[in-house]
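Engineer: To start, I am sharing the structure in question, which I have written as structure tokens.
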């Protein structure tokens, strides 16, 4: 081989080596390979974490066919078929809900807790990426541990108090130290989360942890107030739930038949299927429904009486709260004269039940504010490019799709009831639970004092 040929070959070899070490701008594949090698030599894994959010988006994008912003060209008969399916399944859900209400406060509370479990499952599964979860030992188990810890904090104490009346030696300790045990469970979960941290998936783990805490706050915390409403009287559970269901039904049917015929713009860009016609029509019909349905519920003592200390499936009797008692309002003379002279109505007074006017306030909240819980859920679905959270109920989606407005409505009822309706700060049930938490010797002292007081009152009478 001559010298010229040898030099040419050496020059080409050196040129290729230079391209690998110092890739040109026009060689993106070599650039990416070189940068990848460089980043792998870095002790930090921040570059891996930086791409985790892109992986999340790509995973959910590839896993869905029913994007929230999809526009299928369904024939007209398909549209009415979906309406029929949605109506039948909706009627079945209302019938099942009515059956649950015919049982006992404890059963209804278990029903609400079961809904929380299903919502938690749907929300956690929404961000599940199998490839990343395989790298994290027992991370999903930890998510359920946080849920059960929250359940223990919110729901265990009344059960422990009840058990302490039958087995005081065993459960009195758990009643007294309930808060400490709840905090201990939280610490166990928090420390366990730190131990599960793995290099390369830090960002995914912290985003999942934040997501779990948000679910607990939005679902479990607000549902705790719903269960509190149940024991204040079934009406404070039935009425708000019925208001949301009524608003949803009329919004759907008004939007179905009248949507975008008067106002072309959608109600919310984040939920383009919602229409102004549906929103306005649902508000009007919900106000009418709430007024008359509240008056209907006041006829039943099982609905207006608080649970108190009555037993399981025991018939409830109570002195009705003033908010449920019919009152007579005498119109001012000037108003009566105006109605008679200009309108032709002879009216000097009218009867009303205060709860009906409170129901109008509840209906306004359920029509104007509570739907934003649905818009919030729509935003989540749009972010993850899914149509429904699940397909448990044909035409309706998952449990989250049916309860997205109920949580904030339940919280509002609790705040509204304690602020504007409840007359006593303490009731007999709360006092009784407080007494059971005291040591036996203090319970005996209170019993003796109460017995002496009652005997003296009876003697005077």
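Engineer: Is there a residue being over 19 Å from residue 377 (Cα atoms) and in contact with a strand residue (DSSP E or B) (Cβ under 9 Å, 6 or more places away or on another chain) anywhere in the stretch 246-254?
Structural biologist: For the stretch 246-254, residues over 19 Å from residue 377 (Cα atoms) and in contact with a strand residue (DSSP E or B) (Cβ under 9 Å, 6 or more places away or on another chain): present.
Residue by residue, here is whether (1) closer than 15 Å to residue 233 by Cα; (2) within 29 Å of the chain's Cα centre (by Cα) holds:
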{"position": "292", "(1), (2)": "no, yes"}
{"position": "297", "(1), (2)": "yes, yes"}
{"position": "302", "(1), (2)": "yes, yes"}
{"position": "309", "(1), (2)": "yes, yes"}
{"position": "314", "(1), (2)": "yes, no"}
{"position": "331", "(1), (2)": "no, no"}
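Engineer: Name the single residue that is surrounded by the fewest Cβ atoms within 10 Å (Cβ to Cβ) among those in the stretch 101-128 being without any contact (Cβ under 8 Å) to a residue 24 or more places away in the chain and more than 21 Å from residue 213 (Cα to Cα).
Structural biologist: So, considering only residues that are without any contact (Cβ under 8 Å) to a residue 24 or more places away in the chain and more than 21 Å from residue 213 (Cα to Cα), the one surrounded by the fewest Cβ atoms within 10 Å (Cβ to Cβ) is 102.
Engineer: Let me ask something additional. Right, residue 275: crowded, with 17+ Cβ neighbours inside 10 Å and at pLDDT 90 or above or not?
Structural biologist: For residue 275, the condition - crowded, with 17+ Cβ neighbours inside 10 Å and at pLDDT 90 or above - is not met.
Engineer: Among (1) modelled with pLDDT under 85; (2) surrounded by 13 or more Cβ atoms within 10 Å (Cβ to Cβ); (3) touching a helix residue (DSSP H, G or I) at 6+ places or on another chain (Cβ under 9 Å); (4) within 24 Å of residue 254 (Cα to Cα), there is one condition residue 60 misses while meeting the rest; what is its number?
Structural biologist: All conditions pass for residue 60, except number (4).
Engineer: Looking at the stretch 132-160, which of its residues are surrounded by 13 or more Cβ atoms within 10 Å (Cβ to Cβ) and modelled with pLDDT under 85?
Structural biologist: Within the stretch 132-160, 132, 133, 135, 136, 139, 140 meet the criteria.
Engineer: Hey, can you tell me all the residues within the stretch 129-152 that are outside any helix (DSSP H, G or I) and in contact (Cβ under 8 Å) with a residue 12 or more places away in the chain?
Structural biologist: Listed by number, the residues that qualify are 129, 135, 136, 137, 138.
Engineer: Okay, next question. Given the criteria closer than 30 Å to residue 414 by Cα and either crowded, with 16+ Cβ neighbours inside 10 Å or under 18 Å from the mean Cα position of the chain (by Cα) (or both), does residue 354 qualify?
Structural biologist: For residue 354, the condition - closer than 30 Å to residue 414 by Cα and either crowded, with 16+ Cβ neighbours inside 10 Å or under 18 Å from the mean Cα position of the chain (by Cα) (or both) - is met.
Engineer: Quick check on residue 290: is it buried (at least 21 other Cβ atoms within 10 Å of the Cβ), modelled with pLDDT of 90 or more and under 30 Å from residue 382 (Cα atoms)?
Structural biologist: It is false that residue 290 is buried (at least 21 other Cβ atoms within 10 Å of the Cβ), modelled with pLDDT of 90 or more and under 30 Å from residue 382 (Cα atoms).
Engineer: Tally time: how many residues in the stretch 191-212 are assigned to a helix (DSSP H, G or I) and surrounded by 13 or more Cβ atoms within 10 Å (Cβ to Cβ)?
Structural biologist: Residues meeting the conditions: 13.
Engineer: Same structure again: Looking only at helices (runs of 4 or more DSSP H) that fall completely inside the stretch 385-461, which ones have 1 or more residues that are farther than 27 Å from residue 325 by Cβ and modelled with pLDDT of 85 or more?
Structural biologist: Counting at least 1 such residues, we get 399-403, 406-416, 440-460.
Engineer: So is residue 386 in contact (Cβ under 8 Å) with a residue 12 or more places away in the chain and either within 26 Å of residue 304 (Cβ to Cβ) or more than 18 Å from the chain's Cα centre (by Cα) (or both) or not?
Structural biologist: Spelling it out, residue 386 is indeed in contact (Cβ under 8 Å) with a residue 12 or more places away in the chain and either within 26 Å of residue 304 (Cβ to Cβ) or more than 18 Å from the chain's Cα centre (by Cα) (or both).
Engineer: Going through the stretch 326-351 one residue at a time, which ones are part of a loop (DSSP other than H, G, I, E, B) and surrounded by 11 or more Cβ atoms within 10 Å (Cβ to Cβ)?
Structural biologist: Scanning the stretch 326-351 gives 326, 331, 347, 348.
Engineer: Quick check: is even one residue across the stretch 90-100 crowded, with 17+ Cβ neighbours inside 10 Å and farther than 27 Å from residue 203 by Cα?
Structural biologist: Yes: the stretch 90-100 contains one or more residues that are crowded, with 17+ Cβ neighbours inside 10 Å and farther than 27 Å from residue 203 by Cα.
Engineer: Could you list, in sequence order, all residues of the stretch 172-182 that are surrounded by fewer than 19 Cβ atoms within 10 Å (Cβ to Cβ) and farther than 19 Å from residue 141 by Cα?
Structural biologist: Across the stretch 172-182, the qualifying residues are 173, 174, 176, 177, 178, 179, 180, 181.
Engineer: Can you tell which of 365, 393, 412, 389 is touching a strand residue (DSSP E or B) at 6+ places or on another chain (Cβ under 7 Å) and buried (at least 16 other Cβ atoms within 10 Å of the Cβ)?
Structural biologist: Sole residue among the options that is touching a strand residue (DSSP E or B) at 6+ places or on another chain (Cβ under 7 Å) and buried (at least 16 other Cβ atoms within 10 Å of the Cβ): 389.
Engineer: Please report, ordered by residue number, the helices (runs of 4 or more DSSP H) entirely within the stretch 214-325 with at least 3 residues that are closer than 18 Å to residue 401 by Cβ and without any contact (Cβ under 8 Å) to a residue 60 or more places away in the chain.
Structural biologist: 235-258
The values are calculated or read from the model by the stated rules, or taken from the named source; none is laboratory data. The structure presented is a predicted model; accordingly, all values stated were derived computationally and were not measured. All Cβ positions, even for glycine, are placed from backbone atoms using ideal geometry, and neighbour counts span all protein chains on display.
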